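Colleague: Structure provided below as structure tokens; questions to follow.
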Ligand code: FES
């Protein structure tokens, strides 16, 4: 029994006992091969085996500090009496992986789950941060349901250029538009390249990485305050060793994801996502994660909670500051303290305490970075879920990131049949487009693109940029980088690639968006839409073989989280196949 009276596991009850503890020929092999690596019996005998799933690679700049951090995690595991084993997992560096990391989120989730299943692992430290790594690792741990703690990579330092602060992504889009408009020199552009990413760590705007790390902590998977610590801060190294120490205890306590995840924990996560004006990608990931846990969650839950939760995090792209400022202002604990009246405070977390207990003493040190409830960045409705004949299963928009006059707008469609078509024609001086037009991108969804890339922030046509236009209504079945902004309607479901209504839009069709009415309407009558549907020809599959084909055959639509049908709850994981 523990001090708190919680029953503790015995060594004989650990999974790894089957590999190391018993006296048979196979266990002889496991022990002798462990000794081959220079370990002695004293290193592993009677100890929980703790996997460290490390998503480091030379192609993931956001995780470039992980080789050092993994040593610090191991230090904590040794200190607490565990046996650490590092298991490298797919890295998914967001800028480098094509066509998009999203198509590989499910591959990492599968890989991580199988690494845990097939090895002698009693508990796991999940090392991730760059966009898709967080949901993938948590989806795996949820399905495997062994004790798991998440160690977030943390955000990089602020960017810097000629004395100005630069934010990942957001300032790239901003200055790229200025360059295309002829307002920025080549030299300035190279200087921006030098200054925008100047330390290890994830994007330091409230993009998908910062959003998902905050969400992971709110769900209960990160030690309190851990998700806001900048990657190069010495506190981050201490978080690593503390995570290592804690996971050993979690194994003895048998504190599993199923003990932490609940409908209330997901509602807390949605509240935090909205209070941070987090990435729209979090909707897809949270729905996928909840479905792995057997907890119903839908787009509508986000819309409903958005009606009462104000945006308090004044962080780019919706606000002014960056993650480094957020940390100094009190970080996620400060934000949670501001939301205390809304949160489900009795949800358990990895440190064995409730969310509410972890907030004891939490404070905000800068009211402009983490706004008080009576002075929010955006009063409420930071996210809206739209429906209509153009999106029968929903679409999303982030009103806080759009020009307000576009939130109720009707205009003629300018249709691009795929990304290549868009990139070829968008700057054509003859393109019949005005500031009132609605840019429509087809075939950018989970199957049609494939992998639902972050193409949803379609570029403003150059000739309009030169006229001073900086935002337009844009509609697609793609996603959008959390660092992006603009009046972009995203995640249209069902997607055009499988014949959803978005596939039937033609140049000149009038489209209406009314965010206050949650409406996205195509002004084409049903009979004409039927005729167009009869003429529609499905695009050829992108992948004849391999993972791409598996994905196309099994991925769900955006409103269901884009997981594979055979990985969701209902296809239960087998933690211990009968191999011994
Ligand atoms: Fe890794 Fe943005 S590129 S978090």
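Colleague: What's log10 of I(q)/I(0) for the stretch 274-414 at q = 0.16, 0.20, 0.22 Å⁻¹, Debye sum over Cα points only, no solvent?
Modeller: Debye curve over Cα of the stretch 274-414, log10 I(q)/I(0) at q = 0.16, 0.20, 0.22 Å⁻¹: -0.96, -1.33, -1.45.
Colleague: Quickly rank 359-372, 138-151, 161-174 as a protection proxy: mean count of other C-beta atoms within 10 Å, highest first. Walk me through the intermediate numbers first.
Modeller: Numbers: 359-372: 16.0, 138-151: 26.4, 161-174: 18.4.
Highest-to-lowest ranking by the protection proxy: 138-151, 161-174, 359-372.
Colleague: Largest first and in whole Å, give the semi-axes of the stretch 360-471's equivalent ellipsoid, each being the square root of 5 times a Cα gyration tensor eigenvalue. Each step should come with its number before you reach the end.
Modeller: On the way: eigenvalues 217, 71, 44 Å².
Value: 33, 19, 15 Å, ordered largest first.
Colleague: Based on the Cα gyration tensor of the stretch 1-92, what are the three equivalent ellipsoid semi-axes, each the root of five times an eigenvalue, rounded to whole Å and given largest first?
Modeller: Values: eigenvalues 149, 74, 28 Å².
Taking √(5λ) for each Cα gyration eigenvalue gives 27, 19, 12 Å.
Colleague: Can you classify the stretch 392-456 as rounded, prolate or oblate using the Cα gyration tensor, where a ≥ b ≥ c are the square roots of its eigenvalues, rounded means a/c under 1.5, and otherwise it's prolate if a/b beats b/c and oblate if not? Kindly include the intermediate steps, with their values, before the conclusion.
Modeller: Numbers: a/c = 1.97, a/b = 1.05, b/c = 1.88.
Because a/c hits 1.5 or more and a/b fails to exceed b/c, the stretch 392-456 counts as oblate.
Colleague: Restricted to Cα positions, what overall size does the stretch 334-421 have along the principal axes? Three whole-Å values, descending.
Modeller: So the extents along the principal axes, rounded to whole Å, are 54, 29, 27.
Colleague: Taking N as the number of residues in the stretch 465-580, what is its alpha-carbon radius of gyration divided by 2.2 N^0.38 Å?
Modeller: Details: Rg = 19.3 Å, N = 116, 2.2 N^0.38 = 13.4 Å.
Dividing the Cα Rg of the stretch 465-580 by 2.2 N^0.38 Å gives 1.44.
Colleague: Please sort 482-490, 526-534 by packing, taking for each peptide the average over its residues of neighbouring beta carbons within 10 angstrom, highest first.
Modeller: Details: 482-490: 26.0, 526-534: 11.0.
Per-residue Cβ counts within 10 Å, averaged per peptide and sorted highest first, yield 482-490, 526-534.
Colleague: Same structure again: Ranking 132, 320 by Cβ neighbours within 10 Å, fewest first, what do you get? Numbers along the way, then the final one.
Modeller: On the way: 132 29, 320 13.
The most exposed by this proxy come first: 320, 132.
Colleague: Where the centre of each part is set by its Cα atoms, how far does the stretch 497-556 sit from the stretch 304-342, in angstrom?
Modeller: Each part's Cα centre sits 36 Å from the other's.
Colleague: Moving on. Could you check how many percent of all C-alpha pairs in the stretch 34-145 are farther apart than 20 Å? Working shown, then result.
Modeller: Details: 2590 of 6216 pairs.
So the portion of pairs separated by more than 20 Å is 42 percent.
Colleague: What number, in nm² with one decimal, is the all-direction average of the projected area of the convex hull of the alpha-carbon atoms of the stretch 144-189?
Modeller: Values: hull surface 21.8 nm².
Reported value for the Cα convex hull: 5.5 nm².
Colleague: Stick to the Cα atoms of the stretch 406-505, pair each with every other, and give me the Kirkwood hydrodynamic radius in Å at one decimal.
Modeller: Kirkwood radius, the stretch 406-505: 13.4 Å.
Colleague: Same structure again: By how many degrees, 0 to 90 and rounded to 10, does the Cα axis of helix 208-219 deviate from the longest principal axis of the chain?
Modeller: 50
Colleague: Can you give the FRET efficiency to the nearest 0.05 for residue 380 and residue 25, using r as the Cβ-Cβ distance and R₀ = 60 Å?
Modeller: Result of the calculation: an efficiency of 0.40.
Colleague: I would also like to ask the following. Starting from 0 in steps of 10 Å, tell me what percent of the Cα-Cα pairs of the stretch 450-525 lands in each bin.
Modeller: 17, 46, 33, 4
Colleague: Additional query: Can you classify the stretch 7-56 as rounded, prolate or oblate using the Cα gyration tensor, where a ≥ b ≥ c are the square roots of its eigenvalues, rounded means a/c under 1.5, and otherwise it's prolate if a/b beats b/c and oblate if not?
Modeller: Working: a/c = 1.78, a/b = 1.02, b/c = 1.75.
Oblate is the answer for the stretch 7-56, as a/c is 1.5 or above yet b/c matches or exceeds a/b.
Colleague: Taking the highest mean first, how do the peptides 76-86, 491-501, 294-304 order by number of other beta carbon atoms within 10 angstrom per residue?
Modeller: Numbers: 76-86: 20.2, 491-501: 23.7, 294-304: 17.6.
So the order, starting with the most tightly packed, is 491-501, 76-86, 294-304.
Colleague: Still on this structure: Using the C-alpha atoms of the chain, what convex hull volume per residue, in cubic angstrom, is computed?
Modeller: Normalising the Cα hull of the chain by residue number yields 153 Å³.
Colleague: Can you classify the stretch 227-318 as rounded, prolate or oblate using the Cα gyration tensor, where a ≥ b ≥ c are the square roots of its eigenvalues, rounded means a/c under 1.5, and otherwise it's prolate if a/b beats b/c and oblate if not? Could the numbers behind the result be given before it?
Modeller: Values: a/c = 2.76, a/b = 1.26, b/c = 2.19.
Oblate, since a/c reaches 1.5 and b/c is not below a/b.
Colleague: Hey, with R₀ at 25 Å, roughly what FRET efficiency would residue 174 and residue 431 work out to, going by the Cβ-Cβ distance, to 0.05? Intermediate results must be reported in sequence, preceding the final value.
Modeller: Details: r = 22 Å, r/R0 = 0.90.
For residue 174 and residue 431, the calculated efficiency is 0.65.
Colleague: Hey, another quick one. Thinking of the stretch 102-148 as a set of Cα atoms, what percent of all their pairs are more than 14 Å apart?
Modeller: So the pairs more than 14 Å apart make up 40 percent of the total in the stretch 102-148.
Every read-out reported here was derived from the displayed coordinates using simple, explicitly stated rules and does not represent laboratory data. Bear in mind that the values here come from a model prediction, so they are computed numbers and not experimental data. Don't worry about glycine lacking a Cβ; one is built from the backbone with ideal geometry, like all the others, and counts go over all protein chains shown.
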